[in-house]
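Visitor: Have a look at the structure that comes next, please.
What follows draws every value from the coordinates through simple rules; no lab data is involved. Just so you know, these numbers come straight off a predicted model, no measurement behind them. Neighbour counts are summed over all protein chains in view; Cβ atoms, including those assigned to glycine, are modelled from backbone coordinates with ideal geometry.
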Amino acid sequence: MSPVLLDTGPIVALLDLSEQNHCRCANLISSLEAPLVTCEAVITEACYLLRKIHGAPDAVLENVERGIFLVPYRVTGRASRVSRLITKYTDVPMDFADACLVDMATELHTGDILTLDNDFQIYRWGRNRPFEMLLK
């Protein structure tokens, strides 16, 4: 079973009950059997965006600790690829977390992604493969 890439938006929506996409994200995440994989940049963004919700950053890290959110990606040895992606998509623009996710898609051979970011309709992984956005 191929893993599903996890972006910041669904993590925030999952833990912020007032977020407009909360139910949508919670329902989809609970129905998935595939492992959820992400990168440390996404975990950092989510913790930052959730900092004003009591216990939410701790919940993000608990999900990492419990293996619900897997973090197999390390930028070490891949920084030049990430840099090339950021340069390639300057006009979008692409941030560091998105570049890591695109590179991770290539590394893990999967384009399935949980994201609320429409830029992933533009980004390509592998050799020009589109992402399969699971939250439509």
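Visitor: From the phi of every residue in the range 21-29, what ³J(HN,Hα) in whole Hz does the Karplus formula 6.51 cos²θ - 1.76 cosθ + 1.60 yield, where θ is phi - 60° and glycine or proline is x?
Guide: The phi angles translate into 9, 4, 4, 4, 5, 4, 5, 5, 4 Hz.
Visitor: Now for a separate question. Across the range 99-105, in residue order, what do the Karplus-derived ³J(HN,Hα) couplings come to in whole Hz, using 6.51 cos²θ - 1.76 cosθ + 1.60 with θ = phi - 60° and x for Gly and Pro?
Guide: Whole-Hz 3J(HN,Hα) from phi for the range 99-105: 4, 5, 5, 5, 5, 5, 4.
Visitor: Using just the helices of the chain, give the 222 nm mean residue ellipticity in deg cm²/dmol: DSSP H runs with n ≥ 4 each add -39,500 (n - 2.57), and the total is spread over all residues, rounded to 500. If you can, show how the numbers build up before the last one.
Guide: Details: 6 runs with 61 residues, N = 136.
Value at 222 nm, helices only, nearest 500: -13000 deg cm²/dmol.
Visitor: Taking every DSSP beta bridge that has both residues in the range 4-133, what percent is antiparallel when rounded to the nearest 5? Mind dumping the intermediate values first?
Guide: Details: 2 of 10 bridges.
So the antiparallel bridges amount to about 20 percent of the total.
Visitor: Sticking with this one: If the rule is a partner Cβ under 4.7 Å, which cysteines in the chain fail it?
Guide: Here Cys23, Cys25, Cys47 come out as lacking a disulfide-compatible partner, given the Cβ-Cβ threshold of under 4.7 Å.
Visitor: Could you list the square roots of 5 times each eigenvalue of the Cα gyration tensor of the range 29-136, that is, the equivalent ellipsoid semi-axes, sorted largest first and rounded to whole Å?
Guide: Working: eigenvalues 106, 51, 40 Å².
For the range 29-136, the ellipsoid semi-axes come out as 23, 16, 14 Å.
Visitor: Right, another one. Which cross-chain or sequence-distant (5 or more) residues have an amide H under 5 Å from the amide H of Phe69, H modelled 1.01 Å from N in plane?
Guide: Val64
Visitor: What is the distance in Å between the Cα centroid of the range 1-50 and that of the range 91-128?
Guide: Taking the Cα centre of each part, the range 1-50 and the range 91-128 sit 15 Å apart.
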